[in-house]
Amino acid sequence: MRRAHPVIMDRMTDERVSVNTILALTAWAAAAVVYVVARAQDTEFAMFWVFGLAFGFVLQRARFCFASAFRDIFLLGHARNMKGLLLGLAVGSVGFALVMSRQVPLTGLGIYPPSANVLPLGIHTGLGGLLFGVGMVLAGGCVSGSIYRMGEGYVASWVAFAGVMGGLLVSAYTWNWWWEAHIATAPRMWLPHWLGHPGALVVTLLGLAAVYLWVVSIEHRAGVVVPPVSGVRPQASSQPTANTQTESVADDLRLTLRQLFVQGWPVLPAGAVLGGLNVLLFTAREPWGFTGEVSRWSIAMASIVDVAPGPLAGVESLPGCVLVPSDGLFFNHMLFLVFGMFFGSFAAALGAGEFKVRLPRRPVRYAQSLGGGVIMGYGAGIGMGCTIGAFFSAIPSLAVNGWVFGAFLALGAWIGTHIIQRIE
Amino acid sequence: MTPTKLDVRGEICPYPMMRTASALKRLSSDERTLEVVTDHPPALETIPTQAARLGFRTDIEETSASEWRLTLTRKEAETEV
């Protein structure tokens, strides 16, 4: 699908582009200062800051929204974002399989890869995915979507994020019940234990291909039309566009920079890049995910006013985005990842001229964002992750829990789609 | 006749598209155009698609930083002209 952005951007005046470039360069310079300061403290802080910036930048440039990937299948019969998501999962799966085959060469011994998101699978996985799916559609974005939209100036996304923090805290109060009743005894199901690494990878890729065929068939049934948007006639402009012959190396360079920083990215390269970044992050330390870190902030805030949940049973034994009790420290490598995602999106939006403080005018939207956020947060708490940790990093971990969480995300998104149509 | 206007600035995803589709369905049969103002870039893709399904053509114009006016015109009206 041809994106609308390039068309619009072609008509942006040179002066506007220059102003945006200066704003963006200032933001990137500030990011570089944070890098230097963070590195002086701990090299891992600096590394996670850079990963965060990269994730935020790509999410914003491609508007890579997991909530719409699921929702638009049901709402519009569109699979644009879902296709990018599936490619990201495929790239991630190949990379994770390579890394894990080094970590656990012998799959018959019942050993698990130490940091992959192979999580206990049970009712909590399904209910977590279901609640998360409903919440993300109500709030108009999942946790990563809310973070990049916070960077673009969407005030409702700040409200949604506050809701997520609240929901994670509520889930922490109920965690010990979930642990006793379900999670402690739930099996961790890792495909390579039964199929070996190559078999597990092949099954995962076939599964992704099957989902791809399903969403393409939905698109065909919906009769997707990609209409010629008639803002297309580019105004007289000195800008080189993809259709014009460039004349010099400088022109070529300018075009490339514009495609990277100003025009919207197509979703497929973005999905592949996000999948690749996830593999790099997994190689460096652990897969992409951050709701555990966000829960650490909620629990720390609750402990300031003395309402922190008590000790959380079993969390030290679990990988992924499981709840993190407050450790009394402020900084943590994951904090740099989350702030990096926000700041990377902010800088990307500035450069593209897409930053704007957007305030919903209907009061119901604030309630929706907050309520959706709380529901999402609770789902992420018991599901041990969000669309990233329990899904985008779990399917590449060749873990069954990623598929179950994903199926219930879809069901939740379907329910959410019905709800939002009633509160138009 | 001045075209019906719809201002969906500030709306969260996916309401710019949903409210536009509803407004198009509510247009009386003698109204040819709907003008939509939005500051939600993803709507620049979803609105033209939904509009086309309902028989409208879309013109997009950037009116200021991160704000666009979409003019949706009924396709039959066009062919009559």
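Evaluate the following for A:G135: is it buried (at least 24 other Cβ atoms within 10 Å of the Cβ), away from chain B (no Cβ under 12 Å), in contact with a helix residue (DSSP H, G or I) (Cβ under 6 Å, 6 or more places away or on another chain) and modelled with pLDDT of 95 or more? So A:G135 fits the description; yes. Sub-7 Å Cβ pairs linking a first residue in segment A:349-365 that is farther than 19 Å from B:V8 by Cβ and within 7 Å of another protein chain (Cβ to nearest Cβ) to a second residue that is part of a helix (DSSP H, G or I) and polar (S, T, N, Q), at least 6 apart or interchain, are A:G353/A:N20, ordered by first then second residue.
A search for C-beta distances below 8 Å between a residue of segment A:86-104 that is among the aromatic types (F, W, Y) and any residue that is modelled with pLDDT of 95 or more and not in a helix (DSSP H, G or I), counting only pairs 6+ apart in sequence or on different chains, returns A:F96/A:A116; A:F96/A:P287; A:F96/A:P396; A:F96/A:S397; A:F96/A:L398. Of note, A:S345 satisfies the criterion of being under 21 Å from A:L53 (Cα atoms), within 14 Å of chain B (Cβ to nearest Cβ), within 24 Å of the chain's Cα centre (by Cα) and of a type in the set (S, T, N, Q). What is the residue count in segment A:370-390 for residues that are outside any loop (DSSP other than H, G, I, E, B) and either in contact with a strand residue (DSSP E or B) (Cβ under 9 Å, 6 or more places away or on another chain) or closer than 16 Å to A:L318 by Cα (or both)? Number satisfying all stated conditions: 6.
Here A:F355 fits the description: under 30 Å from A:R16 (Cβ atoms), of a type outside the set (S, T, Y) and outside any helix (DSSP H, G or I). Where helices (runs of 4 or more DSSP H) sit wholly within chain B, those with at least 2 residues that are without any contact (Cβ under 8 Å) to a residue 24 or more places away in the chain and surrounded by 15 or more Cβ atoms within 10 Å (Cβ to Cβ) occupy B:15-26, B:43-53.
Quick check, is A:L85 away from every other protein chain (no Cβ under 14 Å) and on the phi < 0 side of the Ramachandran plot? Yes; evaluated as a whole, the condition is true for this residue. Within segment A:98-123, the set of residues being assigned to a helix (DSSP H, G or I) and surrounded by fewer than 24 Cβ atoms within 10 Å (Cβ to Cβ) comprises A:L98, A:V99, A:S101, A:R102, A:Q103, A:T107, A:G108, A:L109, A:I123. For the condition more than 21 Å from A:P266 (Cβ to Cβ) and either modelled with pLDDT under 95 or within 14 Å of chain B (Cβ to nearest Cβ) (or both), A:V7 does not qualify.
Yes or no, residue by residue, for (1) modelled with pLDDT of 95 or more; (2) over 17 Å from the mean Cα position of the chain (by Cα); (3) crowded, with 24+ Cβ neighbours inside 10 Å:
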| position | (1), (2), (3) |
| --- | --- |
| A:G377 | yes, no, yes |
| A:I382 | yes, yes, yes |
| A:C386 | yes, no, yes |
| A:I395 | yes, no, yes |
| A:W403 | yes, no, no |
| A:L409 | yes, no, yes |
| A:T417 | yes, yes, no |
| A:I423 | no, yes, no |
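Just one residue in the set A:A46, A:A38, A:A29 is out of contact with any Asp or Glu (no Cβ under 6 Å at 6 or more places or on another chain), modelled with pLDDT of 95 or more, surrounded by fewer than 18 Cβ atoms within 10 Å (Cβ to Cβ) and away from chain B (no Cβ under 14 Å); that residue is A:A29. Out of all the residues in segment A:324-337, is one or more assigned to a helix (DSSP H, G or I), buried (at least 24 other Cβ atoms within 10 Å of the Cβ), within 14 Å of another protein chain (Cβ to nearest Cβ) and in contact (Cβ under 8 Å) with a residue 24 or more places away in the chain? Checked against the condition, which is being assigned to a helix (DSSP H, G or I), buried (at least 24 other Cβ atoms within 10 Å of the Cβ), within 14 Å of another protein chain (Cβ to nearest Cβ) and in contact (Cβ under 8 Å) with a residue 24 or more places away in the chain, segment A:324-337 yields no hits at all.
The values are calculated or read from the model by the stated rules, or taken from the named source; none is laboratory data. Since the structure is predicted, the reported quantities are computational estimates derived from the model, not experimental observations. Cβ sites come from the backbone with ideal geometry, for glycine too, and all protein chains shown count toward neighbours.
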